[in-house]
Every structure is written in C-alpha cells, then in structure tokens.
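Participant: I'd like to ask you about the structure that follows.
Coordinate-derived values only; no laboratory data. Because the structure is predicted, anything quoted here is derived from the model rather than measured. All Cβ positions, even for glycine, are placed from backbone atoms using ideal geometry, and neighbour counts span all protein chains on display.
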Amino acid sequence: MGKLHHPKAKQGRHIPAPLIEPDNKLFHNHPIFCLRYLHKDYNVESCSPSDRASLIRQMANLSQLSWDEIKQSGRHGMGSEKINRKSIRVSFPQEITPDVEDFLALRYSGNKAFIGFRNRYIFHMIYIDSDFSVYKH
C-alpha cells in the first residue's frame, strides 16, 4: 500500500483557503447562506431547539436546489415569497441600507420564515421569524 504525500505549505502554519470566484459555475446558481447580519432580536438564539433543527434541515435542503428551482416552487415549502421593505414591521440592522427594497422569505418548520435578501448566489439572512411578527403573513 502506498504512502500519502501531502503538498508542502506555501506560507506559514496556516494556509488561506482559495478564493471562490463569483462566476464559478459550481456555485453561482445554488444558495449559500450568510448569517452575518442577523437581527439581534430575530436570530438563532430566539428559536426553540426544534426550530433550530428545522431551520438547519431546510437550509441544507435548499442548498441542494438551484435558485431557479426555488423560484419555481410554491411560496410555502421549498419556494420563496417576495416581501417589500415597507411590509417589515421591525427595525433593520444598521448594515441594511435603504437600497435593499425587497426581501425574500424562505420557509422552515411549517410556515415559519427566515427573511433576507439575495446578492447573486448568497442569501443574507436578516430575520428568523419564529413567532410570525416580522411581517404580516
């Protein structure tokens, strides 16, 4: 049985991960979820343990679909619903600028939603609406 030869490090102890180019066909049409801008009152901590598990399962399921498949699905289940900025009942994190006019609601755990916006292939999650208070459902 042969030995495995590991490539030599190119710099220091920690080698940076390769950049993912935005036009890389491998990634460009499947959602990648970013939780960096979650609202302080509508985040993972505001969910029950079972809702957290449902949210993770749904994110994993959605990541296997293309954005086109998500658009073609109904608004409940694996689909999305467009939400106008004016329909949001709660404050916006300071990072969300006024030029973000529309949001997408994606479902988890029945009709509960997580709301954010899409920038190319990245879905920036802003709210986890576990109590149906972020917008009128």
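Participant: For labels at Ser91 and Lys40 in the simple 7 Å Cα→Cβ model, what's the distance in nm?
Facilitator: If labels sit at Ser91 and Lys40, their model points lie 0.7 nm apart.
Participant: Also, I was wondering about something else. Run down the aspartates and glutamates and flag those whose C-alpha is under 14 Å from the C-alpha of Lys40, throwing out any fewer than 8 positions away in its chain.
Facilitator: Leaving aside aspartates and glutamates fewer than 8 places away in the same chain, those within reach of Lys40 are Glu95, Asp129.
Participant: Right, here's the next one. Restricting attention to the range 72-137, which GluC sites (Glu not before Pro) occupy a DSSP loop and are surrounded by at most 13 other Cβ atoms within 10 Å?
Facilitator: Numbers: sites: Glu81, Glu95, Glu101; in loops: Glu95, Glu101.
The qualifying sites are Glu95, Glu101.
Participant: Counting other Cβ atoms within 10 Å, keep those with at most 14, restrict to DSSP loop, and tell me which chymotrypsin sites (Phe, Trp or Tyr not before Pro) in the range 44-137 are left. If you can, show how the numbers build up before the last one.
Facilitator: Values: sites: Trp67, Phe103, Tyr108, Phe114, Phe117, Tyr121, Phe123, Tyr127, Phe132, Tyr135; in loops: Tyr121, Phe132.
Answer in residue order: Phe132.
Participant: So how much slack lies between His137 and Lys82, counting 0.36 nm per residue of separation and subtracting their Cα-Cα distance, in nm?
Facilitator: The His137-Lys82 span can extend by a further 18.6 nm.
Participant: Please give the per residue volume of the convex hull enclosing the alpha carbon atoms of the range 32-129, rounded to a whole number of Å³.
Facilitator: 95 Å³
Participant: Go through Ala113, Thr97, Asn84 and say which Cα lies farthest out towards the positive end of the charge dipole of the range 32-129; charges sit on Cβ, +1 for Lys and Arg, -1 for Asp and Glu.
Facilitator: It is Ala113.
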